[in-house]
1. Residues in segment A:234-248: is at least one over 28 Å from the mean Cα position of the chain (by Cα) and part of a loop (DSSP other than H, G, I, E, B)?
2. Would you tally the residues in segment B:72-116 being away from chain A (no Cβ under 11 Å), among the aliphatic types (A, V, I, L, M) and closer than 22 Å to residue B:263 by Cβ?
3. Out of the helices (runs of 4 or more DSSP H) lying entirely within segment B:313-389, which hold 1 or more residues that are open to solvent by 40 Å² or more (accessible area, probe 1.4 Å), polar (S, T, N, Q) and within 14 Å of chain A (Cβ to nearest Cβ)?
4. Looking only at segment A:556-576, count how many residues are in a helix (DSSP H, G or I), within 14 Å of chain B (Cβ to nearest Cβ) and surrounded by 19 or more Cβ atoms within 10 Å (Cβ to Cβ).
5. Give the residues of segment B:117-141 that are within 10 Å of residue B:200 (Cβ to Cβ), within 14 Å of chain A (Cβ to nearest Cβ) and not basic (Lys, Arg), sorted by residue number.
6. State yes or no: is residue A:223 at pLDDT below 90 and either within 24 Å of residue A:547 (Cβ to Cβ) or open to solvent by less than 10 Å² (accessible area, probe 1.4 Å) (or both)?
7. Taking into account only those residues within segment A:380-396 that are among the charged types (D, E, K, R) and surrounded by fewer than 22 Cβ atoms within 10 Å (Cβ to Cβ), which is modelled with the highest pLDDT?
8. Could you please let me know if residue A:520 is more than 28 Å from residue A:278 (Cα to Cα), buried (at least 24 other Cβ atoms within 10 Å of the Cβ) and out of contact with any Leu (no Cβ under 7 Å at 6 or more places or on another chain)?
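The values are calculated or read from the model by the stated rules, or taken from the named source; none is laboratory data. Computed from a prediction, not measured in an experiment: that's the story for all the values here. Ideal geometry is used to build each Cβ from the backbone, glycine not excepted, and the neighbour counts take in all protein chains shown. Heads up: the accessible areas ignore ligands, DNA and RNA and are worked out on the full protein's heavy atoms, side chains in. Shrake-Rupley method; radii C 1.70, N 1.55, O 1.52, S 1.80 Å.
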Amino acid sequence: MLTKLGPCLSPMWARLLYSGKAGRVRSWHSSGRWLKQDEVVANGPANEATPPPSAVVKSHSSQVEKPFPERTLVEFAEEETSVPVMSLKEEEYRLKVKDSYLVDYKNNQGLVRYMFKKPFETSYLTNRPIQNNILRAVDQIKPQSMQKTTFFKEGINHHYEYRQCVTTTTGGTIRLQYSRQENIEMAQYGVDFFRQAGKLLYTHHAPHQPRVNFHPTGLLALADDSQAELLEQTHGVQISLGVRAELMSPAQLSKRFPYINTQGVAVASHGHECAGRVDPFALLSNLKMKCEDLGVTFVHGDVHNFVHEMLNDQKFVDEEGRSLKTGKAVTDRESEIERVHNRVTEAHIHLPDGDVWPLAAGRFILCGGHQNGHLGRLCGFGLGKEELVADLPVEPRKRYYFKLSAPQGPGLNCPLVVDNTGVFFRREGYGGVYYVSRPPGCLENEPSTQNLDVDMDYFHEWVLPPLVDRVPAFKDAKASGLNCQGYICILNLNCSFLPTILQVMDCYGTFEDVNFHDENPVIGPHPYHTNVLLGVGGSGMGIQLAPAIGRALCEYLTEHECKTLSLENFDFQRLLFHKPMFEAIHLS
Amino acid sequence: MFELLTLPAIFSHPICMGASLVGGYFFELSEFSGEHLWVLSSVFTGLDGPGFFMLSLNKCIFLGIIFSGSSESRAYSIIVFILSLIVGGCFQVHSVVGFYVFFETSLLPMMVLILGWGYQPERLGASKYLLAYTVFFSFPFLIYILTGSVFGGGLSFSDWRGNASGVWGGLLAWFLLSGFAVKIPVFGLHLWLPKAHVEASSGGSMVLAGVLLKLGGIGFWRVMPEVEGLGVSVDLLSSLAIWGGLSVSIICVVQCDLKLLIAYSSVSHMSLVVWGLLSLSLLGSQGGVLMMAAHGFSSSGLFYQAGLIYSKSGSRSLLLNQGLLSVIPGLIFYWFFLNCLSMGTPPSSNFLSEIEILTSSSVLSGSAWGAVLAMAFFSVVYSMVAYTMTSQGRSSSQGRMESGGSSCSLVLGFHILCSVLLIGLFSGVKLNLG
């Protein structure tokens, strides 16, 4: 583990750190892949794009960060490629997805396909279509007292308790202390929504008034010398938008929060209002009940494929670069329009009984959490040439949350504290229990996303030392018992550099949907896949911004533009034109 | 090969159009006191005045469907062709039993079209509604036919000249009219129509609105002499039709689904047809029959256009289909004229028929005249709503889309042309208000 941390501690890697992460800014190359930072610097000429503000680096290193290297402006090369358009990506795509799912549905329309098909039941894409259909027909004539046939598909685990969902496993942090005006405005709307959730989510059928358990405990952000200027700048933006926050000196900080070790702290920002925590699972369940009450139909299943026109042979071109449908050259504007306007027509949903249900719709909204990148590829993002090469830069990143018991801890006077090193903790309840976490800090320190196993070495080597350094009271944190919920938890009882044996009450891992382009959400319609709306890449801010993003998507649906908030900067085009929207203050 | 089967339809089309000229004169000369003139081509087949109109309408609509459904499978073309034969037979048969047989038989291909080529799982329920309503309410008509000897009625429409009499006059009148009241449909018995239209494919909606609803109108026309003979007043049914049509036209204004809007507008227009036919006046009957023909073309074209819009955007919602004027301007050109036809813009036959019905209603009943006037107003409102909400506004699409090719323009232009020119001209020739 130390070897993994080594590069992050090295000054050489410090320049790659940005808002707690390794150089996440990537560029599109016409070959259709995201370039790493070094390649960007090496390949492209200097551009005129303004570099991002100097990073709020939450790392061990207290050295002054070098200015972020200039990035190249993406130039979609017009070089002639001998490889036919879309052949490589299409081949890779087809290798991943079984060919049996890529049937051309146009030729299968008609009586046989749709005859007497009931919703949620039949499809021709089952593994055993004849047998399953016979069994289903028998089920329909069986009396109610007889048990119905159940269909299982091997390998599919249907966790409809939202165990691996980003929403339910996230910390549920609410704050207004952002650096971007758009983020602040969206967060303000979110807070208003949570405050009125009891009224907005009320249904006559619910046994009790809906509650999202919004606890406004406040947020305290600490900054060292290198981060102080940025914190003051962001504070000015927040104050101008009506955020109630104040800057504090170390002396003031020590007076108000005596348990905090102010060594190394240059300035602190304390948000009094509209900062705290909301219960994400309560929010999700109440929202779902309200949606069902309003007539929404929820289909429980796994989306395993989309049918879109990019799979249509008519979109392909021949070896000479002419469209197979029109015969015109691809560079011709008319054929470009025809090729570019891809439309998703169906979503194929794997139902619990093993069946696949094709769901046709006119509009699709992608908000699938950490799997949005995969969903985007299924929609056909990235299958194409030039502008169509870009896919969604959203991927799952594993984060850990640890639950500590510290009776001698900060107590009730404990807001959500975000240290300059990146570690943050908050109070849970009133019994001296605290949740703590810390983002990895660099790409090489990112945990594997193969599973949700919790690595306790990460806690002992990466999370605990700066935590104890900042709040010495956590040094004596004890556990009330081994009560680890969640997944496999490896306890390391032999931490040589800590004088006290520490046990963790609880710990769990979660996947976070991270937009590794600029760690801000992508909101709005896709410019070329015209009927797909995006609400992706929460990057740890999803819960906070969800109400505003939902409203924005509704406005995009009905009025084709965002009326209440100006969220045009969050659209997909910024990924193509390389205009990243960085958020300076991140918690993960 | 199957396209060759459409040749008889194509060749018979000009014959039917020419025949409608002749039929128009017969139509004018016929009396409306219980005698309808038939031109019999054989013992069992023949045509009366409205039959000529409806037959030519049948041919035109099915031609349009064949042209529009070129991308569908062969089974679709076969079923459409069979349906055209059945409906054509329904118009041409002189025997009452034959008429009932064809009337019921037309249900089967229609159900197959809905079940086989509909988009959504709800089509199962829609086909059940269609089947249940049609069979249940037309069953009394079968009973009346089978017991014809008891009540004194014959087995051909020529024999149905008011010979029936009985104590149960109202019940017998209901037996005669119920099946056709469902088919038209009259308000209160119209629940199957919005479901069937929404769930059917584009071609299915075209044939349903363009032809099958007219079966009910033709049935009304042909059994009215028998109903008159019973001495029963049909004011209740006509009042239900006219005031229900007004409420349905108001419902149209608040619809968000394009196909639902056009379906309810069909109910509204056909309620005018019922009012015209049941008015037992020359002007009203002329207006009713002309409205049937005009509505057949305009509604069929509207459904085809709605299907095109659905194929472009994947949605029938008026909220999501906005700004199409900049996206598919070629199709919106026809969409504008079709909506003008629906709202009764001169010099279309829709306008002429509305004037005739309005004039007849002013003579018969003042309140009904107000209702018809209000229906004419609301037809303008919902037609304008349908056009402006789809064409104006901001589109989600970034640029123009493919407008659908020459076949779409051919079909749409054909519908508009027929409705505006042909029947309008013929009506102008034969209309005799003096």
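1. No, that holds for no residue.
2. 7
3. Filter on segment B:313-389 gives B:324-327.
4. Residues that pass the stated criteria total 1.
5. Correct list: B:117, B:118, B:119, B:126, B:127.
6. No.
7. A:395
8. When the stated conditions are applied, residue A:520 does not pass them.
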